[in-house]
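As structure tokens, the structure follows; a few thoughts come after it.
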Amino acid sequence: MARDDSRSDHTEEILSAWSRERPDVDVSSISIITPLWRLGRAVVLNRERTLAAFDLDHSGLDVLATLRRSGAPYRLTSTELSLRCEVTLGATTQRVARLEARGLIERIREEPDRRTVFVRLTMEGQELLDEVFGEVMRSDETMLDGLSDNDRATLSRLLRRWERAVVR
């Protein structure tokens, strides 16, 4: 991935301009939030490109990966799936319908209580996910080029700490 020092210079220009225009406001967060916002966009675009090659989007990946991470037999109820994906039951229903139409997951009812509906990863879904997951990880890794192991450990620790403080 090409390095563009003008981006960090641009952030410094924004910081400097706001410091000049509003010396009464602490604008130091710009030096963190602006690069983070730009990085977030770059990560999303990178993921979208990677997933598009498999005719998937992030929401589809989320469902398939959540089922895979649940362990054999790779199934959850819709409620469990919604909770783990952190989306509404309505959103889960839409995601499940799209993936079911592709044969990547299936809805099943099991005895003795046929009222409970499980969403299960099919063999085709598991095979696709395993291929997609490997490609997503390779692609994500390219986004981290240039960071040493120490940088990555420090960044990971700081981001987890910040996430715990902000995301409830």
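The values are calculated or read from the model by the stated rules, or taken from the named source; none is laboratory data. Not measured: the values here are computed from a predicted model. Cβ sites come from the backbone with ideal geometry, for glycine too, and all protein chains shown count toward neighbours. Note: areas computed on protein heavy atoms with side chains; ligands, DNA, RNA excluded. Shrake-Rupley method; radii C 1.70, N 1.55, O 1.52, S 1.80 Å.
What's the number of the only condition in (1) exposed (fewer than 11 other Cβ atoms within 10 Å of the Cβ); (2) closer than 17 Å to residue 35 by Cα that residue 134 fails to meet?
Only one criterion is unmet by residue 134, namely (2).
Any idea which of 50, 66, 92, 34 is within 22 Å of the chain's Cα centre (by Cα), open to solvent by less than 60 Å² (accessible area, probe 1.4 Å) and touching a residue at least 40 places away in the same chain (Cβ under 8 Å)? Lay out the reasoning, then the answer.
Details: 66 fails: touching a residue at least 40 places away in the same chain (Cβ under 8 Å); 92 fails: touching a residue at least 40 places away in the same chain (Cβ under 8 Å); 34 fails: touching a residue at least 40 places away in the same chain (Cβ under 8 Å).
Matching residue, one of 50, 66, 92, 34: 50.
Can you find a residue in segment 1-19 that is surrounded by 13 or more Cβ atoms within 10 Å (Cβ to Cβ), more than 19 Å from residue 123 (Cα to Cα) and under 17 Å from the mean Cα position of the chain (by Cα)?
No - not one qualifying residue is present in segment 1-19.
Can you name the condition, by its number, that residue 87 falls short on among (1) within 14 Å of residue 125 (Cα to Cα); (2) under 15 Å from the mean Cα position of the chain (by Cα); (3) of a type outside the set (S, T, N, Q); (4) not in a helix (DSSP H, G or I)?
Of the numbered conditions (1) within 14 Å of residue 125 (Cα to Cα); (2) under 15 Å from the mean Cα position of the chain (by Cα); (3) of a type outside the set (S, T, N, Q); (4) not in a helix (DSSP H, G or I), the odd one out for residue 87 is (1).
Here are the criteria: (1) over 28 Å from residue 163 (Cβ atoms); (2) among the polar types (S, T, N, Q); (3) surrounded by fewer than 17 Cβ atoms within 10 Å (Cβ to Cβ); (4) out of contact with any Ser or Thr (no Cβ under 7 Å at 6 or more places or on another chain). Tell me which single one residue 122 does not satisfy.
The single condition residue 122 does not satisfy is (3).
If you go through segment 26-54 one residue at a time, how many are of a type in the set (Phe, Trp, Tyr) and modelled with pLDDT of 95 or more? Talk me through it step by step, then tell me what you get.
Pass one, segment 26-54, residues of a type in the set (Phe, Trp, Tyr): 37, 54.
If we keep only those that are modelled with pLDDT of 95 or more as well, we get 54.
Result for segment 26-54: 1.
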